[in-house]
């Protein structure tokens, strides 16, 4: 119902109705309500094809959100799903510039480094952790002075290719800056995490991980220790598949924290069964990342 209301609201907004929040947040709501619906189903113990269909709907809304044009405070409209394309465009243009002006980017970097004051070069050569306060200031000034961009290089290009170099440099900066703006707007709505979630939650390992985790918690709550242990271990095996298939979820701290809490309850089951925690543990990398002291 919430999703349907937001979809109707989007039609009003597209027709010119004013928003009381930012376009980014407002247009993310159909996706988020679909995600919340899918999560609520699983929290209530509804799995299988019903959960898969709910996550498919969330994925559809995520993709619709990713191609919607979003106005920004830079007066540059963006589409959240276009960051990878803009990064690829920037990389391609950088390659064209390097072919047009071979070695000149690196040469300008070297000239700037050679022009640094001796104390700045010494500060850069000192490991950051070993720098004194004055060296930290000198290193910051040096890093700012060393900044080289393709427009800088293009300004020094030979006259016969200077106009082409400047145009390529302009296009490069446009692509790189657009990618950066998109990244900032993605962060606001946690776009990368939710996209990865929608992609992985429809898979068999993720559906199995959620269902066995839910069953493990119910068994533990009802003091059925052996069934709880078995369900926990099935969930860990499924989560191993999920994390290996999704670098975004594997790197996500909140996902890691949730799994650590889940493992802690498994430890309690083992304690009551007078059994030792398994080593090597199937999710040891998750524990190591969250609690280095547990290694």
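The values are calculated or read from the model by the stated rules, or taken from the named source; none is laboratory data. Keep in mind the model is a prediction, meaning the values are calculated, not measured. Here the Cβ positions follow ideal geometry from the backbone for every residue, glycine too, while neighbour counts run over all protein chains shown.
What the table below lists for this structure:
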| item | result |
| --- | --- |
| Filter result for residue 116 (crowded, with 17+ Cβ neighbours inside 10 Å and either at pLDDT 95 or above or on the phi > 0 side of the Ramachandran plot (or both)) | no |
| Qualifying residue in segment 273-284 (condition: part of a helix (DSSP H, G or I), outside the structural domain of residue 57 (by TED's automatic domain parsing) and buried (at least 17 other Cβ atoms within 10 Å of the Cβ)) | no |
| Test result for residue 270, farther than 27 Å from residue 55 by Cα and under 30 Å from the mean Cα position of the chain (by Cα) | no |
| Options 239, 214: the member that is in contact (Cβ under 8 Å) with a residue 60 or more places away in the chain and outside the structural domain of residue 95 (by TED's automatic domain parsing) | 214 |
| Wholly within segment 1-89, helices (runs of 4 or more DSSP H) carrying at least 3 residues that are within 21 Å of the chain's Cα centre (by Cα) | 23-43, 48-67 |
| Residue within segment 177-200 that is surrounded by fewer than 19 Cβ atoms within 10 Å (Cβ to Cβ) and over 30 Å from residue 245 (Cβ atoms) present | yes |
| Candidates 217, 234, 261, 221, filtered to the one that is in contact with a helix residue (DSSP H, G or I) (Cβ under 6 Å, 6 or more places away or on another chain), closer than 20 Å to residue 42 by Cβ and surrounded by fewer than 18 Cβ atoms within 10 Å (Cβ to Cβ) | 234 |
